[in-house]
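Input: one structure, supplied below.
The values are calculated or read from the model by the stated rules, or taken from the named source; none is laboratory data. Nothing here was measured: the structure is a model prediction, and the numbers come from that model. Heads up, the Cβs are rebuilt from the backbone with ideal geometry, glycines too, and the neighbour counts pull from every protein chain shown.
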Amino acid sequence: MTRSEADPANKSFTCIVIDDSDFARMNLGKIVTRIGGEVVGEAKDGQDALGLYKEHSPDIVLLDITMPVVDGLEALGNIMEHDKDASIIIVSSLGNKEMIKEALKKGAKQFITKPFQPDHVAMIIRSVAGVGEDG
């Protein structure tokens, strides 16, 4: 039974957004909310990724690759070590093809390239979250 079946008032999935760009976090959060998800945590750096993941156990993680202190690849590895079934979507600029390949090898389920189109992002999140068009 999914959360939304157990209580129709609940959102269809939960998500944490980790990106050093305030603008990217805001826009990704808007997309998640628009398709029926709930952003339960945000961080500007991969250093906080595992703690947020452990605290919220989200259905989806949107994770930027290029961040200060702890980058997305290291954060991805930390989360996957904690939960090999984590559903992580990498967010990266087009110029990071090698890093995207590495992230997919480490267990990321999908990737989104910046600049992103909201409808494309929504389609990828729905696919990974296993939710339909209605959220």
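For the stretch 80-102, name all the residues that are over 19 Å from L28 (Cα atoms), at pLDDT 95 or above and not charged (D, E, K, R).
M80, H82
Within the stretch 116-130, does at least one residue satisfy the condition of being surrounded by 18 or more Cβ atoms within 10 Å (Cβ to Cβ), of a type outside the set (A, V, I, L, M) and touching an Asp or Glu at 6+ places or on another chain (Cβ under 8 Å)?
Yes, the conditions are met somewhere in the stretch 116-130.
For the stretch 117-135, what are the residues that are within 15 Å of I60 (Cβ to Cβ) and within 15 Å of the chain's Cα centre (by Cα)?
Correct list: V121, A122, M123, I124, I125, R126, S127, V128, A129, G130, V131.
May I ask you to verify whether I31 is buried (at least 16 other Cβ atoms within 10 Å of the Cβ), β-branched (V, I, T), under 12 Å from the mean Cα position of the chain (by Cα) and assigned to a helix (DSSP H, G or I)?
So I31 fits the description; yes.
Let me ask something else. What number goes with the only condition from (1) outside any loop (DSSP other than H, G, I, E, B); (2) of a type in the set (A, V, I, L, M); (3) buried (at least 18 other Cβ atoms within 10 Å of the Cβ) that A86 does not pass?
The single condition A86 does not satisfy is (1).
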